[in-house]
């Protein structure tokens, strides 16, 4: 049975359904959510799926996001964040310490805008 991605996101964000939330219980100063930890958390929440299938979903999701950004498309997760690309012009200058001149090339860089829902959650439960 396949679980749609929006159900996975809802399960991760809804703390009322689960008495012990895996992310909140393991928060400490050294906690960082990476791809491996995210796969384990999703696997704990959705017991019918295998780690291999969840890994495939996460990898596919990340690949779709990167491909969209390569094509200068905007990626938008409403309320959480949006990512788009911005053109940065070349510039030149001198390094302060070494007095060595440098120049950069014209390029596109990713820009992340944080959504209102995520800002509120972080403000409510952020670092203390």
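The values are calculated or read from the model by the stated rules, or taken from the named source; none is laboratory data. For clarity, every value in this text was computed on a predicted model and none was experimentally measured. Quick reminder, even Gly has a Cβ in these numbers, built from the backbone with ideal geometry, and neighbours come from all protein chains shown.
Every residue, every condition in (1) in contact (Cβ under 8 Å) with a residue 12 or more places away in the chain; (2) in a helix (DSSP H, G or I); (3) in contact with a helix residue (DSSP H, G or I) (Cβ under 7 Å, 6 or more places away or on another chain); (4) closer than 26 Å to residue 70 by Cα, yes or no:
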position: 90; (1), (2), (3), (4): yes, no, no, yes
position: 96; (1), (2), (3), (4): no, no, no, no
position: 102; (1), (2), (3), (4): no, no, no, no
position: 118; (1), (2), (3), (4): yes, yes, no, yes
position: 122; (1), (2), (3), (4): no, yes, no, no
All but one of (1) assigned by TED's automatic domain parsing to the domain that holds residue 117; (2) surrounded by fewer than 15 Cβ atoms within 10 Å (Cβ to Cβ) hold for residue 83; state the number of the condition that does not hold. (2)
Mind counting the residues in region 104-116 that are in contact with a strand residue (DSSP E or B) (Cβ under 6 Å, 6 or more places away or on another chain) and either surrounded by fewer than 10 Cβ atoms within 10 Å (Cβ to Cβ) or part of a strand (DSSP E or B) (or both)? 8
Condition met for residue 63 (modelled with pLDDT of 90 or more, at negative phi, assigned to a loop (DSSP other than H, G, I, E, B) and exposed (fewer than 15 other Cβ atoms within 10 Å of the Cβ)): no
For region 54-97, how many residues meet the condition of being more than 25 Å from residue 41 (Cβ to Cβ) and under 12 Å from the mean Cα position of the chain (by Cα)? 0
Check whether at least one residue in region 9-23 is assigned to a loop (DSSP other than H, G, I, E, B), loosely packed, with under 10 Cβ neighbours inside 10 Å and at pLDDT 90 or above, and report yes or no. no
